[in-house]
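**Q** My questions will all concern the structure given below.
What follows is calculated from the coordinates using simple rules that are stated; it is not laboratory data. Because the structure is a prediction, the values reported are computed rather than measured. No Cβ is skipped: glycine too gets one built from the backbone with ideal geometry, and neighbour counts run over all protein chains shown.
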Amino acid sequence: MEALSDISETLLVPLYARAGETQSKNPLINDRKAVEITEKLNKIFETSPSPLYRRLVKGKLRRSANKKLIVFFALRTRRFDRYCRDFLSRYPDGVIVELGCGLSSRFSRIDTGAVEWYDLDLPEVIEIRKQFFQETARSHMIASSVLDFRWMEQLATTKKKILFVAEGLLMYLHEDDVKSLILKMQQQFPGCELVCEVENTFIINVLKKERWKKKFQRDYHLGPDVILYFGIREGKDFETWGQGIVFLDEWTVFDDHEKKLGWMNLFAFSKRLRKSQWIVHYQLQYP
Ligand SMILES: C[S@@+](CC[C@H](N)C(=O)[O-])C[C@H]1O[C@@H](n2cnc3c(N)ncnc32)[C@H](O)[C@@H]1O
């Protein structure tokens, strides 16, 4: 397997979390594909000099405080799945585009037999993705930065309703880039919906401090290029970017009152911690 950049490596933690949760007692999600992929990756990672890879192989994500992280990722994945299912119940022949897809197997989990699916990520990730997934008549891969808007040409002729999902992507981008991306999607695909994970600005500000940034990278064994840039204060914040950007709803991990989160459920009572990282749902209408 080719070496991944620091930013692409971030796909490994949610992937291993989905595999870990699938193999746990009373799993919240069933992602057999993540189990299959991680078992194959373990054989490659066993001898790797990378502390992150060795940590993942040893199953460290499944221990102590990290167990909560697994539950967090699993609940987030389950919620994104539900958003997709809800969209397809309203638009059975709709199109779903997963931006920054990593090694997500969402298409196989929720395929209705009619949905048209696009998985987009950086070329180095799509190259690896192709070792584990195959394109079909209704599921396609796009090897591109989400910020190189030429990828939108592949969808230009569709008359169908589109849902864009971004699980764990936007926080790694700069605010100007996120804004250009959303305005471009609105302009190119008016009427589309967007479901994306967002970081709270207060976390972004904490991580601007060198000490906390280094701690964050150290704790997760992430490379120095993994920096969180983009955050919002309130779910409705994108509405200020232009006419026709309509906030529909939002979800935080605490909304599910999941027992597996244990003491972490106490965060639900803190306005800030409740929404340190959460999901927002928008419609991008004609401006
Ligand atoms: C935290 S991972 C999440 C992966 C996947 N959504 C999941 O939940 O398993 C972030 C993903 O965003 C991708 N990414 C980062 N910057 C990107 C960009 N400019 N264009 C496309 N993908 C990008 C990374 O390669 C990585 O796969």
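**Q** Does anything in the range 91-135 have its amide N under 13 Å from the 7 Å Cα→Cβ label point of residue 225, and if so which residues?
**A** Residues 122-125 fall inside that zone.
**Q** How much mean residue ellipticity at 222 nm does the chain get from its helices, if each DSSP H run of length 4 or more adds -39500 (n - 2.57) and you divide by all residues, to the nearest 500 deg cm²/dmol? List each step's numbers first, then the result.
**A** Numbers: 11 runs with 111 residues, N = 287.
Result for the chain: -11500 deg cm²/dmol, rounded to the nearest 500.
**Q** Using a cut-off of under 20 Å, list every residue of the range 189-206 whose amide N is near the label point 7 Å from the Cα of residue 234 along the Cα-to-beta-carbon line.
**A** In the range 189-206, the label zone of residue 234 (backbone N under 20 Å from the point 7 Å along Cα→Cβ) covers 196-205.
**Q** Over the range 26-149, what is the mean sequence separation of C-alpha contacts under 8 Å (at least six apart), divided by residue count, expressed as relative contact order in percent? If you can, show how the numbers build up before the last one.
**A** Values: 124 pairs, mean separation 24.6, N = 124.
Computed value for the range 26-149: 20 percent relative contact order.
**Q** Holding the Cα-Cα limit at 21 Å, pick out from 130/184; 179/236; 236/271; 33/275; 159/179 the pairs that are longer than that.
**A** 130/184; 33/275; 159/179
**Q** For the residue pair residue 269 and residue 209, what label-to-label distance in nm results when each label sits 7 Å from Cα along the Cα-to-beta-carbon direction?
**A** Result: 2.5 nm between the two label points.
**Q** Spelling out what I want: for every residue of the range 245-257, take phi, set θ = phi - 60°, compute 6.51 cos²θ - 1.76 cosθ + 1.60 (Karplus), and round to whole Hz; glycine and proline get x.
**A** 8, 10, 6, 9, 6, 8, 8, 10, 4, 7, 5, 8, 6
**Q** Based on other C-beta atoms within 10 Å, arrange 281, 140 from fewest to most.
**A** On the way: 281 20, 140 16.
By the 10 Å Cβ count, ascending: 140, 281.
**Q** Further question on the same structure: Where is the GNM fluctuation largest for the chain (alpha-carbon springs, 10 angstrom cutoff): 194, 181, 15?
**A** 181
**Q** Moving on. Could you give the DSSP H helices of the chain that reach 20 angstrom or more along their long axis (alpha carbon positions) and whose average Kyte-Doolittle hydropathy is no lower than -0.5? Before the final figure, lay out each step's value.
**A** Working: long enough: 64-90 (40 Å, -0.43).
Once both thresholds are applied, what remains is 64-90.
**Q** For residue 220, which sequence-distant residues (separation of 5 or more, or a different chain) have an amide H within less than 5 Å of its own amide H, given hydrogens modelled in the peptide plane?
**A** The list, which skips near neighbours in sequence, is empty: none.
**Q** Listing 130, 159 from the residue with the fewest other Cβ atoms within 10 Å to the one with the most, what is the order?
**A** Values: 130 12, 159 5.
In order of increasing Cβ crowding within 10 Å: 159, 130.
**Q** Still on this structure, please answer the following. Decide, for the range 1-130, between rounded, prolate and oblate: order the square roots of the alpha carbon gyration tensor eigenvalues as a ≥ b ≥ c, take rounded if a/c falls under 1.5, and otherwise choose prolate if a/b is larger than b/c, else oblate.
**A** Working: a/c = 2.35, a/b = 1.43, b/c = 1.65.
Oblate, since a/c reaches 1.5 and b/c is not below a/b.
**Q** Among DSSP beta bridges lying fully in the chain, give the percent that are antiparallel, nearest 5. Don't skip to the end; give the middle numbers.
**A** On the way: 14 of 34 bridges.
Of all bridge pairs located within the chain, approximately 40 percent are antiparallel.
**Q** Report the full-extension gain for the segment residue 131 to residue 247: residue separation times 0.36 nm, less the Cα-Cα distance, to one decimal in nm. Don't skip to the answer; put the middle values down first.
**A** Numbers: separation 116, 0.36 × 116 = 41.76 nm, distance 3.75 nm.
Separation in residues times 0.36 nm, less the Cα-Cα distance, equals 38.0 nm.
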